[in-house]
Every structure is written in structure tokens, then in C-alpha cells.
1. Just checking, which of Asn159, Asn102 is out of contact with any strand residue (DSSP E or B) (no Cβ under 6 Å at 6 or more places or on another chain), surrounded by 16 or more Cβ atoms within 10 Å (Cβ to Cβ), of a type outside the set (Val, Ile, Thr) and outside any helix (DSSP H, G or I)?
2. Every residue in the range 38-95 that is among the hydrophobic types (A, V, I, L, M, F, W, C) and either on the phi > 0 side of the Ramachandran plot or under 22 Å from the mean Cα position of the chain (by Cα) (or both), please.
3. Of everything in the range 313-354, what is under 14 Å from Phe297 (Cβ atoms), outside any loop (DSSP other than H, G, I, E, B) and not polar (S, T, N, Q)? Give them in sequence order.
4. If you check Tyr244 against the conditions, is it under 22 Å from the mean Cα position of the chain (by Cα) and outside any helix (DSSP H, G or I)?
5. Only one residue in Lys289, Lys231 is basic (Lys, Arg), in contact (Cβ under 8 Å) with a residue 24 or more places away in the chain and in contact with an Asp or Glu (Cβ under 8 Å, 6 or more places away or on another chain). Which one?
6. I'd like to check something: does the range 238-245 contain any residue that is assigned by TED's automatic domain parsing to the domain that holds Ala50, buried (at least 22 other Cβ atoms within 10 Å of the Cβ), more than 30 Å from His49 (Cβ to Cβ) and aliphatic (A, V, I, L, M)?
7. Just the residues that are out of contact with any Lys or Arg (no Cβ under 6 Å at 6 or more places or on another chain), among the polar types (S, T, N, Q) and more than 15 Å from Ile95 (Cβ to Cβ), please, taken from the range 108-148.
8. So which residues in the range 219-241 are assigned to a helix (DSSP H, G or I) and under 17 Å from Leu94 (Cβ atoms)?
Amino acid sequence: MTNWLSDRLDKICKLDAYVKPERIKDSIKLDANENFALDSKFISKIALHAIKQTDLREYPLEQFEDLYRQLSNYSGVDKKYLGIGSGSDQIIELILSIFGRNQQASIFTPTFSYFINRCELHDIALDRVPLTEDAELPKLEFLKRAARSDIIYICSPNNPTGNQFGEKLVLEIIDTFKDKLILIDEAYVEFGNYNLAPHIAKYDNVVILRTLSKAFGLAGARIGYLIANEKFAEIFRTTIQSPYPLNSFSLAVATLALSYERYVRQTVELIKRERKRVFDELFEMNGIKVFRSDANFIFLESYDSYGRILSVLKKEGLSVKAFGDIDGHRGCIRVTIGTSEMNDKFLKSISKAI
């Protein structure tokens, strides 16, 4: 093996890999922010319909136009501002690989670990600004340090803390740095208080990242999209992205799912109500700190109860995302808001451990 390749592989081996959720047989999955409020029969119905109208012998052509049209209707922007990818993860990967070389990115922490992983993989320097103890963005510190960077990443609502920073604050950051590439990750935006799509035409340096994995319950289909200015979106579609980033089946599933927007929004409202109920009950429990959430999950610090809580939850057949100690927060756990039955079991189980 040539020296340069061996050296590069050795360096990559030292990076932290993105850790996928572990599948535990027969457990209740509250660890990956999936939407179980959507009826599985609804998803199956869409999948079967998609199979019937798909000829897998052919390359997808007009199916892309169908999806762009539905995404335009859903997002409220002209399709000239849109780009499609195999999940928002793939879009992040492409953007960083093309625009991130020899650059520095400003982020706040904790935030979406995949973005951090990909920056490290592409040798993009990271300036990490810690959130406050209440997971708020320290505005003055972030503005000061972001001035030295080339890329700014804002997860809105933020994963894993769940909160969405104020729209006025985010727009102030965007208006301050019109010479930088600003990525706004709106994976959980349907559960939040606002979205930035109505502002996109005003900026030539802002890219909004979205997915159908969360609110639309299509995590297994891997469908993401971006919203950006016309020039960026066109170059992304025609030159940066591969000719066929989604297979025919995923294209058909996505297009069909978007036609059921009303039903999806009903499940989003259900999740919001359950989120408030779960938050209120956790807030009354001693020994933990629960954070306000604008997403479909809740983030909490469990301090010295961390190991005991995880042990009890595992025994009760519940899978949650365990972070441990991160960025000054102790014993951190993220739990998906599931159905009322799932949430009841989680609340009952965690109360046993505290």
C-alpha cells in the first residue's frame, strides 16, 4: 500500500465514527427519533402502492419531477429552490466535500454528531461554542467566534437538546454573516415553532436541510432535500448531485407520502401534545433536569441516576439514546416521543429508577 494511502487510512481510523442505534430484539424503540405516531398500516399502504406503480427495470426520470412538484407544494417554495438527496445526511456529505476543503466551521455543542463526524473526515477545522447550561445559544460569543469561520451550522430545532433558538436570533446570525456558507438543519422543523423557507430567496449563502425521515415516518426510505437560492440549487441538482440519487421506489413513496400532508400534520400535533405531557411529568421528578423541546424527543440530564435509569429502562424493554457526559452536561439521555402507550411505559419505568 502506498504511503499516502496508508497514512490517510491511519488518520481516519482515529476519528470518532457515527454510532447507529443498536437494535435490541422486542424492545420499544425510543432512541432514534422515529415517528411511531404514524400508523404502520398507513406506511404499508403507501409502500404497496409505490411498488405497483414502479418499474424497477427503468431509470427514474419523470419521478424526480413528480417529487419536486410535491416538495414545492409542501415547502411553499418554487421547485427552482430545491434539491433532492438520499437523506439529508448525503446532502451534508456532498456540501462539505465540495465546499469544506481547507475551511473552518463554527458550531455550537452539543449538536448533531454526524455533522461533526463529516467535518473531521474532510479535515474541516471546527470551532465549537458550548451552549449554556440551559442549552441556550450564547449570542455574543457565537457571533464573535463565527466571524473567524467560513461555514456556520445551526441545527433548528437542535439535536440532541431539542430546543429551537428564536427566529429573530437565527436571522440576526444570517444577516451578520452574508459572506459565509450557512447551513440550517431543519430535520425536526415540523415539530418546531417556525421555519426559514419563506426567507430563502433573500439570501445567496443559506442552505436549509430537510428530511422526510422524521415527521413523515420514512426513515427507512432515505429521502432528504435542500432549500437554497436558485443558483445553488440548480448547480446542486445538475452538477454536484449524482444523476439518480434516489431509487424509483423511494421516489414513489416520498411523492405519495407528501400527498397525505393533512394526516401527517395530525400526528405531529399528537406528538406535540404527548411531548408536553411527558415534559410536565419529567419536570416533577427529582434527580433529573429536563430540557424544553421543540422536536419529537426530549433531552434530560440524570446526574448520578444515569446508570440506574439505563439499567431499569433496559430491563423494562425500552431503548433510549444514552450520551453520558457531554459538553458540561452530566448523565445525558434523549428519548423519542412515541405513542401514548410507549410514553406511559417510559414514564412508569424511569420513575422506578429515581
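The values are calculated or read from the model by the stated rules, or taken from the named source; none is laboratory data. Every value quoted in this text rests on a predicted model; they were computed, and no experiment measured them. Quick reminder, even Gly has a Cβ in these numbers, built from the backbone with ideal geometry, and neighbours come from all protein chains shown.
1. Numbers: Asn102 fails: surrounded by 16 or more Cβ atoms within 10 Å (Cβ to Cβ).
Unique residue meeting the criteria: Asn159.
2. Residues of the range 38-95 that are among the hydrophobic types (A, V, I, L, M, F, W, C), as a first pass: 38, 42-43, 46-48, 50-51, 56, 61, 64, 67, 71, 77, 82, 84, 91-92, 94-95.
The answer is Leu38, Ile43, Leu67, Leu71, Val77, Leu82, Ile84, Ile91, Ile92, Leu94, Ile95.
3. Leu318, Val320, Lys321, Ala322, Phe323, Cys332, Ile333, Arg334, Val335, Met342, Phe346 - these are the residues of the range 313-354 that are under 14 Å from Phe297 (Cβ atoms), outside any loop (DSSP other than H, G, I, E, B) and not polar (S, T, N, Q).
4. Values: under 22 Å from the mean Cα position of the chain (by Cα): no; outside any helix (DSSP H, G or I): yes.
So Tyr244 does not fit the description; no.
5. Details: Lys289 fails: in contact (Cβ under 8 Å) with a residue 24 or more places away in the chain.
One residue alone meets the criteria, Lys231.
6. Checked against the condition, which is being assigned by TED's automatic domain parsing to the domain that holds Ala50, buried (at least 22 other Cβ atoms within 10 Å of the Cβ), more than 30 Å from His49 (Cβ to Cβ) and aliphatic (A, V, I, L, M), the range 238-245 yields no hits at all.
7. In the first step, residues of the range 108-148 are kept if they are out of contact with any Lys or Arg (no Cβ under 6 Å at 6 or more places or on another chain); the result is 108, 110-126, 128, 130-148.
With the extra rule that they be among the polar types (S, T, N, Q), the set shrinks to 111, 113, 117, 132.
Once the filter is applied, which keeps residues that are out of contact with any Lys or Arg (no Cβ under 6 Å at 6 or more places or on another chain), among the polar types (S, T, N, Q) and more than 15 Å from Ile95 (Cβ to Cβ), the range 108-148 yields Thr111, Ser113, Thr132.
8. Our first condition is that a residue be assigned to a helix (DSSP H, G or I); within the range 219-241, this holds for 219-221, 230-240.
The answer is Lys231, Phe232, Ala233, Glu234, Ile235, Phe236, Arg237, Thr238, Thr239, Ile240.
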